[in-house]
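Notes for the one structure printed next.
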Ligand SMILES: Nc1nc2c(c(=O)[nH]1)N[C@H]1C(S)=C(S)[C@@H](COP(=O)(O)O)O[C@H]1N2
Ligand SMILES: [Mo]
């Protein structure tokens, strides 16, 4: 296993990207976080035998080989992928699940074709309403439930990619070789890896990974009554300095971070280096591309010796603001609290 990642669990493999590797616009494949509910296939499937089946509420069920996909119009998209549980370990009230801190996120340039091309080729019946995806991974645990997820047809037709390339390389085995779905701007759970089957449905898929998890619910509530996790939430994270770092007084220090907004764009990031008393507009860095994160910086000259608390907050193109505090839910999804992501350093 790569020593560059921080392992949260071995079986299934869950591992996060250390903050220093989140500083580049593209997250290299070898340091991209891994999140799995089941066992990663042991080896790459033989492409001569692999088929993608497209079935359900379609006029013409299809069985597509990789060559069939390569003949479809090509699509390339940058997409920041974040696990719904990223930031869970930063919540003040404990929530169950893997203890992700900052690194359950990464940005890649993905190559493939639009899901719309495949659905159009199969011909949608008027009853079509949701699109479900199933992978080749082996379920783990007593229940042995396969990771099947569905997304609304509107998302499937407007902004979902079927990707076989990641940052210019064939999709690595860990990230879904030979094909994965990417619902652009939505959390990782909506982006099924190792695709073997796409089923068009007249309603959402009914199963464990739709109804019991990936929903926002509170104690005592039925999980299936909770709102499903879809788009990634607006969030800014501080990548440098890190909690506990010692910064020299009187010397300018670039405070660096990243921010993302799901289907929206980052409009602004503000940073406070005095625990929220005063705020400065950060400079946005790098390419501005839909569905991809923005990096940002401010130059801060720490004044007096002692502890200092740094906070960052983002605003998006829809006029939304990042909340001061996370809204707690049983499975700890969507933590985008400004306070929860604050960093305390020592100026010395
Ligand atoms: N087949 C399959 N696809 C899956 C998963 C899985 O367990 N099995 N996990 C999902 C979740 S919860 C996330 S966050 C992303 C993580 O993608 P990555 O491992 O390529 O970073 O994959 C998604 N796709
Ligand atoms: Mo996830």
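Would you mention how many residues in the range 212-222 are buried (at least 17 other Cβ atoms within 10 Å of the Cβ) and either within 16 Å of ligand 2 (Cβ to nearest atom) or on the phi > 0 side of the Ramachandran plot (or both)?
Initial filter on the range 212-222 (buried (at least 17 other Cβ atoms within 10 Å of the Cβ)): 213-217.
This time we only want the ones that are either within 16 Å of ligand 2 (Cβ to nearest atom) or on the phi > 0 side of the Ramachandran plot (or both), so: 213-216.
Within the range 212-222, residues that are buried (at least 17 other Cβ atoms within 10 Å of the Cβ) and either within 16 Å of ligand 2 (Cβ to nearest atom) or on the phi > 0 side of the Ramachandran plot (or both) number 4.
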Filter pass, residue 204 being in contact with a strand residue (DSSP E or B) (Cβ under 7 Å, 6 or more places away or on another chain) and assigned to a loop (DSSP other than H, G, I, E, B): yes
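Which of the strands (runs of 3 or more DSSP E) found entirely inside the range 28-141 contain at least 2 residues meeting this: surrounded by 17 or more Cβ atoms within 10 Å (Cβ to Cβ), more than 15 Å from ligand 1 (Cβ to nearest atom) and more than 21 Å from the chain's Cα centre (by Cα)? Explain how you work it out, then say what you get.
On the way: elements: 52-56, 62-64, 75-82, 105-114, 130-135.
Because the criterion is at least 2 residues that are surrounded by 17 or more Cβ atoms within 10 Å (Cβ to Cβ), more than 15 Å from ligand 1 (Cβ to nearest atom) and more than 21 Å from the chain's Cα centre (by Cα), the strands (runs of 3 or more DSSP E) in the range 28-141 that meet it are 52-56, 62-64.
For the range 133-158, which residues satisfy the criterion of being more than 24 Å from residue 212 (Cα to Cα) and in contact with a strand residue (DSSP E or B) (Cβ under 7 Å, 6 or more places away or on another chain)? Can you show your working first?
Keep residues of the range 133-158 that are more than 24 Å from residue 212 (Cα to Cα), which gives 157-158.
Passing the criteria: none in range.
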Residue 19 more than 15 Å from ligand 1 (Cβ to nearest atom) and within 25 Å of the chain's Cα centre (by Cα): yes
Enumeration of residues in the range 11-22 that are modelled with pLDDT of 95 or more and surrounded by fewer than 15 Cβ atoms within 10 Å (Cβ to Cβ): 20
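Select the strands (runs of 3 or more DSSP E) contained entirely in the range 249-309, then report the ones holding at least 3 residues which are surrounded by 15 or more Cβ atoms within 10 Å (Cβ to Cβ) and in contact (Cβ under 8 Å) with a residue 40 or more places away in the chain.
Qualifying strands (runs of 3 or more DSSP E): 253-260, 266-272, 294-300.
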Count - residues of the range 200-255 that are over 24 Å from the mean Cα position of the chain (by Cα) and more than 24 Å from residue 97 (Cα to Cα): 14
Residue, nearest to residue 111 (Cα to Cα), within the range 186-199, restricted to residues that are surrounded by fewer than 24 Cβ atoms within 10 Å (Cβ to Cβ) and more than 10 Å from ligand 1 (Cβ to nearest atom): 197
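The values are calculated or read from the model by the stated rules, or taken from the named source; none is laboratory data. Remember, predicted model here, so these are calculated numbers, not experimental data. Virtual Cβ from ideal backbone geometry, glycine too; neighbours counted across all protein chains shown.
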